[in-house]
């Protein structure tokens, strides 16, 4: 005997008297994560362990508060940690295509940038003054004079020797020449050729000896000119070093704790000393250039590019990258157009979110990460190698080979938190071998939590925090009670609350709107109920269309009759943000044959694999119960009438079995009772999903066609705990207008549907007379006997042969 459910069993109502507060205004706002103890524990572990590879994947569905919870949780931990260092890029004076990275204490990046700029500005002022001073002029003059005297002395000695030999030294555009002298006058080439041969040979012999001395003297003169240049360069370096050395030394003392900065300052000083002409001997063309950037271009190489500035940071950084493109994650090298060409240098290097999150935390939605080309693979490479490289993705993957910058990699020490749904986690874990090595911690957010007094209090505190944050009207006790019931409805469980806080928050906002329209100070249960109903109304157009077609007889659904082999099954239809139940007529036709149960939906390729499995189970049930002493000589055809969209799921398998049993027994089934539930081979009715929507769908159909006080639904007993039905159904059950029957077995269900006892199986394999099972068994026996008169095609072929 199946007892129908009472009103208190189909909805776990929350009494506003037990909410322990008059309004949410008197509560303490919620700050911690609620209902996610497992996820919180995993987060604490993942954020606490510092070993490489223990990055975190936060698995959960949208609306569970996973992103907000992670931000708040990570933010609290980050505030207790030290501020990470700044990072700068500077010019590599030995290779301009490989800029160097400098690590500086937090907040010192911009300071260092300013100090270097001031240093160069001061050098540009100090050097011209030093080289324009009288002291420098005197030293330069003295150096040149001393060397010039040596030069004159050498030339004088050479002239004296030449005169003794009868030659004069003459300077020409091609160098120094030895000209013969006779009678105190130089002679021309024609005059020389006119001399006697003996005299010419004598002159030539002397010239050759003197040319050896001339070449030796010229070498000494060249060496002396080089020595003059070296002495002047040495003097210039000494003067420049004297003029600027104290400026550089002061900076070195200031940054003595930073070896990279000291090394850079030494390189900068050497570059200045090696290129004094840039600071002292600038051309008029450069000085009068109409473009400021051209006048400043020679000094751009001395700038400091700050790519990570943590001067305003309190604690470790928490970076949320909602658009994780390759450039946003790893930075980029910008380019600018000059005279029709794109140029770049180290000052155009820009850091990405991974740079800013270094020594802190980077939170990335995994769906967006996978949607952007190169981002996921490059992030894995950075975590695996432990450093960040700024380069063009096309260059990294070999798409272009143009020469570009190769900045020095920056060491990476960041905790990466990916946020995505559980399905993507399973896919990455199964298909990517590196994923499990880099993301060893899984923090999974549940969609429900226990409906305890403590969690209800936390829920109320969550509403308090929401109202305060968004300046909404606070909820009174009745409003909170309705919200708790709505949460259990979202969870589809009387003993659970939903953790889809986004949907709950939307109901609070909508209820606040209706309270505002009525100029109510507080949001009451009436406003919450209206918000829920209006949200449903906005989305239920298709449901109403289907109900209208049923009412007008376009879709054939009986709600007050008895039919053999015909049952009203319940299914759920989903359209985006809204799902609703809708009855479907399931019919079975029985004939003599050996085909067994034929699923027309499968044959028409409109049935999914789970539905097919459910139908095949029916054969197992019939064999187990009725075919131990005889063959199952049955040909049964099952179909969902007027179904044009396909069928999936096994929730209608019990419905189909009832239709077959009715067709075999000849007993009509009450059409005023709709059925849902899956079945196993032992005849046990199993739980299904969407039970609330299915019941409400048939209730709406009965309401549209008119109540007879006999209508109702039959559900698996294990689904009773999932019931959170609408209040109008609760009222209908209270008044006896609508009925809900929980069943555990097919036998219990067939008794409800036919009003006839199912019948126990005796030890000899027979059933009680005039019961459902007796009639089914009898019919199957008769069909088996008749089937013997019609040999199978295989037997017929054997006899013919």
By the Kirkwood definition, with r running over pairs of different Cα atoms, the range 313-357 has a hydrodynamic radius in Å of 12.2 Å
How would you order 194-205, 610-621, 665-676 from highest to lowest mean count of nearby Cβ atoms within 10 Å?
665-676, 610-621, 194-205
Square roots of five times the Cα gyration tensor eigenvalues for the range 663-801, Å
39, 16, 15
Measure nothing but the geometry: give the 0 to 90° angle between the long axis through the Cα atoms of 37-48 and the longest principal axis through the Cα atoms of the chain, rounded to 10°.
10 degrees
Most exposed to least, judged by fewest other Cβ atoms within 10 Å, 312, 709 sort to 312, 709
Taking the mean number of other Cβ atoms within 10 Å as a proxy for protection, how do you rank 272-279, 349-356 from highest to lowest?
349-356, 272-279
Of the peptides 260-266, 66-72, how do they stack up when ordered by the mean number of other Cβ atoms within 10 Å, highest first?
66-72, 260-266
In whole Å, what three semi-axes, largest first, describe the equivalent ellipsoid of the range 620-696 built from its Cα gyration tensor (square root of 5 times each eigenvalue)?
24, 15, 13
Ranked on Cβ counts within 10 Å of their own Cβ, fewest leading, 325, 524 go 325, 524
Under the helix-only model (-39500 (n - 2.57) for each DSSP H run of 4 or more, divided by the residues of the chain), the mean residue ellipticity at 222 nm, to 500 deg cm²/dmol, is -15500 deg cm²/dmol
Rg to Rh ratio, the range 87-312, alpha-carbon atoms and Kirkwood radius?
1.25
Cα convex hull of the range 453-539: how many Å³ per residue?
89 Å³
For 459, 741, 513, what's the fewest-to-most ordering of other Cβ within 10 Å of each Cβ?
513, 741, 459
In degrees, nearest ten, helix 375-385 long axis to first principal axis of the chain (Cα):
60 degrees
Which value in Å is the Kirkwood Rh of the range 544-788 over different Cα pairs?
18.2 Å
Principal-axis tilt of helix 108-132 within the chain, Cα atoms, nearest 10 degrees
20 degrees
Once the Cα gyration tensor of the range 118-165 is diagonalised, what are the square roots of 5 times its eigenvalues, in whole Å and ordered largest first, as equivalent ellipsoid semi-axes?
42, 9, 5
Quick check: Cα centre of the range 692-749 to Cα centre of the range 232-282, how many Å?
89 Å
Test of understanding: express the Cα radius of gyration of the range 327-413 as a ratio to 2.2 N^0.38 Å, with N the residue count.
1.15
Quote the FRET efficiency, to the nearest 0.05, computed for residue 450 versus residue 427 with a Förster distance R0 of 30 Å and r equal to the Cβ-Cβ distance.
0.50
Throw me the Rg/Rh for the chain, computed over C-alpha atoms with Kirkwood Rh, two decimals.
1.32
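Each value in this text was obtained by applying a stated rule to the coordinates, not by laboratory testing. From a predicted model like this one, the values you see are computed outputs, not experimental measurements. Cβ coordinates were reconstructed from backbone atoms using ideal geometry, including for glycine residues, and neighbour counts include every protein chain displayed.
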